[in-house]
Amino acid sequence: MKGTTSFSACRKVMDLQGHKAAVYSVDFSTDGKMAATVSRDGFLMLWNINVRYREQESCKLVLSIKPEGPARLDRIRLSPDGKIAAISEGSSVWFYSTADGHLVEKIENSTPTKSPSSGGYG
């Protein structure tokens with residue numbers, strides 16, 4: 001039917017529990033093994049989502065980072081190799097290592113030609 005949005009078969013496959021407030025943005029690694037989330041609670045979280053869903057195995061929280069700098073974490077993107085998580089607030093971007101959570105670089109008050117929400121890295 002034209003103009004309808006119904007699903008005949010839809011089921012939940014994962015539940016990422018850890019944030020204390022609403023999640024603003026999520027991104028998935030290109031290999032499908034990791035997810036990254038940012039939330040109103042001010043945390044960046046990295047998840048191992050390479051689990052056996054049919055056996056009801058839960059996703060595992062790998063790293064929880066309280067980033068320095070941004071007051072509100074608007075968006076997140078993972079680099080193609082999954083080694084860097086980029087988070088943005090307005091026109092500023094912070095780059096964090098997904099291995100240990102350290103700040104790699106920050107770009108403040110930039111005017112990007114392509115934002116993290118428009119498709120990721122160049």
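Nothing in this text is a laboratory measurement; each read-out follows from the coordinates by a stated rule. Predicted, not measured: the structure shown is a model, and the values here were computed from it. Here the Cβ positions follow ideal geometry from the backbone for every residue, glycine too, while neighbour counts run over all protein chains shown.
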Open item on the list: Along the Cα→Cβ direction, 7 angstrom out, place labels at A21 and E68. What is the inter-label distance in nm?
Closed with: 2.1
- [ ] Beyond 24 Å between alpha-carbons counts as too far, so tell me which of K20/K66; K33/K106; K66/K106 fall in that bin.
- [x] K33/K106
Task: Gain on full stretching of the segment that runs from L61 to A9 - 0.36 nm per residue minus C-alpha separation - done: 15.9 nm
Open item on the list: Can you tell me the length gained on complete extension of the stretch S79 to A99, counting 0.36 nm per residue apart and subtracting the Cα distance?
Closed with: 5.9 nm
Task: Backbone HN-Hα couplings from phi across segment 96-105 [Karplus 6.51/-1.76/1.60, Hz, Gly and Pro as x] - done: 10, 6, 7, 6, 9, x, 7, 6, 8, 6
Open item on the list: What distance in nm separates the two pseudo spin-label positions at T30 and R54, each 7 Å out from Cα along the beta-carbon direction?
Closed with: 2.9
